[in-house]
Amino acid sequence: MTVRLVNPGGLPEIDSYHQVSVASGSKLVFVAGQVAWDADGATVGEGDLATQVEQCYLNVGTALAEVGATFDDVAKLTVYVVDWTPDKMPLFLEGVARAAARLGGTPAPPGTLLGVAALDVPEHLVEIEATAMID
């Protein structure tokens, strides 16, 4: 495995991600921010944060698969959510759980979640980018 996930002592253990990743492969993979588009470019789940989170994770998974990677190879995720407030966390985690069920496991690399004013089009509520390491 090219990425080892770690929760160091002295830092809190978070259910939805690990605090540190150690990447030891030979190729870095950068996945552009993925929004809730289907393969035809139509927005999935307009107005539904959980559905859009799910679609974004699925799109990241599709991009990773194209280069021979999976979420096990992801060293870092960055998530951008429009008008983020902490009360949206249950919907966010619901979308992650639904995506995990379809992807065959919970993607839990270190991550950063940022609240933003807007994304590329008004219908998009979330965007997720990934950095992975493969051999």
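The values are calculated or read from the model by the stated rules, or taken from the named source; none is laboratory data. The model shown is predicted, which means the values in this text are computed figures rather than measured ones. With ideal geometry, Cβ positions are generated from the backbone for all residues, glycine too; neighbour counts draw on all protein chains shown. Surface accessibility is based on the protein's heavy atoms, side chains included, excluding ligands, DNA and RNA. Shrake-Rupley method; radii C 1.70, N 1.55, O 1.52, S 1.80 Å.
Summary table
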quantity	calculated
Full-stretch length increase - GLU94, ALA39 - with 0.36 nm per residue and alpha-carbon distance subtracted	17.6 nm
Length released on extending from ALA118 to SER24, taking residue separation times 0.36 nm less the Cα-Cα span	30.3 nm
Degrees separating the helix 49-66 axis from the principal Cα axis of the chain, which is the longest one	50
Around MET133: net Lys/Arg minus Asp/Glu count, Cβ-Cβ under 9 Å	-1
Among PRO12, GLY105, LEU49 - extreme Cα towards positive end, dipole of the stretch 1-122, charges at beta-carbon	PRO12
Average Cα contact separation per residue, the chain, under 8 Å, 6 or more apart, as relative contact order %	39
Simple Cβ-charge dipole of the chain, Lys/Arg +1 and Asp/Glu -1, about Cα centre, in debye nearest 20	500
Solvent-accessible surface ranking, highest first, for THR62, THR43 at 1.4 angstrom	THR62, THR43
Projected area, mean over directions - the stretch 1-129, Cα convex hull, nm²	8.1
